[in-house]
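Each remark here refers to the structure printed beneath this line.
The values are calculated or read from the model by the stated rules, or taken from the named source; none is laboratory data. Remember, predicted model here, so these are calculated numbers, not experimental data. FYI the Cβ positions are ideal-geometry reconstructions off the backbone, even for glycines, and counts take in every protein chain you see. Ligands, DNA and RNA are excluded from the accessible area calculation, which covers all protein heavy atoms including side chains. Shrake-Rupley method; radii C 1.70, N 1.55, O 1.52, S 1.80 Å.
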Amino acid sequence: MKRRIISIFMSVIVLINIIVPVYASAADVADNNSSVYIGNGYVVYYDVKSSWGNNQNIEIKNIGSETISNWALKYDAHGEISGLWNGIAYSSETQYIIKNAGYNYEIQPDQEVNFGYCVTGEGLEIPKVFEICSQRTDKAENEYIVSLNVTNDWGNGFTGEIKIQNLSAEPIEAWRLNFDTNFTIEDIWNARLVSAEANSYSIANDITTTPIAANETKTFGFKASKENGVTAEISNCIVNGVTINENFESLKFLETGLVLTAFAQYN
């Protein structure tokens, strides 16, 4: 009977730990060196590799169904970051945005990326809250030019290339082009087919064609079929990209409903 009561008590404790969020505080740093934060479609694993060197390793895993493009992670590091690898840092005092390094700009579903750094300062603590702060936004019509060039036409089919010229002062990162056509795309290179419905297409960059720097042009090619005598055309072109929200004021999160579990792993 006593053993059964202990078993029930332990089950209740486990259930409480699952339901109730646990946050690492400044007082816990000496005893806790890892944390897990569950966001909307992603999980952040934060791990202090060595307390003497303040080496931090962060892993972002995509648990959603959509690719996370041009990722950037916003949080309060509670110290000054140095020696960053696999990322680019924007900072405002101890609040940071760590952005992808270019070659690791995408996180496919059920995949992860890692970055790390050293952190120094007084009153160090494990970050409580993280935010993926990249967002897809349409570019203004006067900020780009999209053009089609037919490279070989054999009547009922052709090969061509589509050029996207960036007229703005900012790079277009993780771009996507939506457009209508009077032909059917059968193959594509230097880009990826996101969706196709009737003759409406959504095409995204691949690693070789992002970003499109200011005043730069990127090109992808394709093979398509069409009716004999028809001149290939594209219309209703819309270009969008993934931008980074650098507004540090949005770091003032409500903690309700956020989950962070701290683990004691120091020896």
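Local charge for residue 61 was computed over the other residues whose Cβ lies under 11 Å away, with Lys and Arg +1 and Asp and Glu -1, and equals -3. Solvent exposure of residue 186, expressed as accessible area, is near 110 Å², computed with a probe of 1.4 Å over the protein chains only. Surface listing: 153, 76 arranged by accessible area from highest to lowest gives 153, 76, probe 1.4 Å.
Note on residue 200: accessible area approximately 50 square angstrom, rounded to 10, probe 1.4 Å, nucleic acids and ligands left out.
Once the gyration tensor of the Cα atoms in the range 50-94 is diagonalised, the equivalent ellipsoid follows with semi-axes of 23, 14, 10 Å, ordered largest first.
Taking 0.36 nm per residue of separation and subtracting the current Cα-Cα distance, fully stretching the chain between residue 238 and residue 67 would add 59.6 nm. Net charge in the neighbourhood of residue 241 (other residues with Cβ under 11 Å of its Cβ; Lys, Arg +1, Asp, Glu -1) is -1.
When 227, 173, 246 are compared by accessible area at a 1.4 angstrom probe, the order from most to least is 227, 246, 173.
The solvent-accessible area of residue 179, taken with every protein chain present and a 1.4 Å probe, is close to 0 Å².
Label positions at residue 114 and residue 207, each projected 7 Å from the Cα along the C-beta direction, are separated by 1.7 nm.
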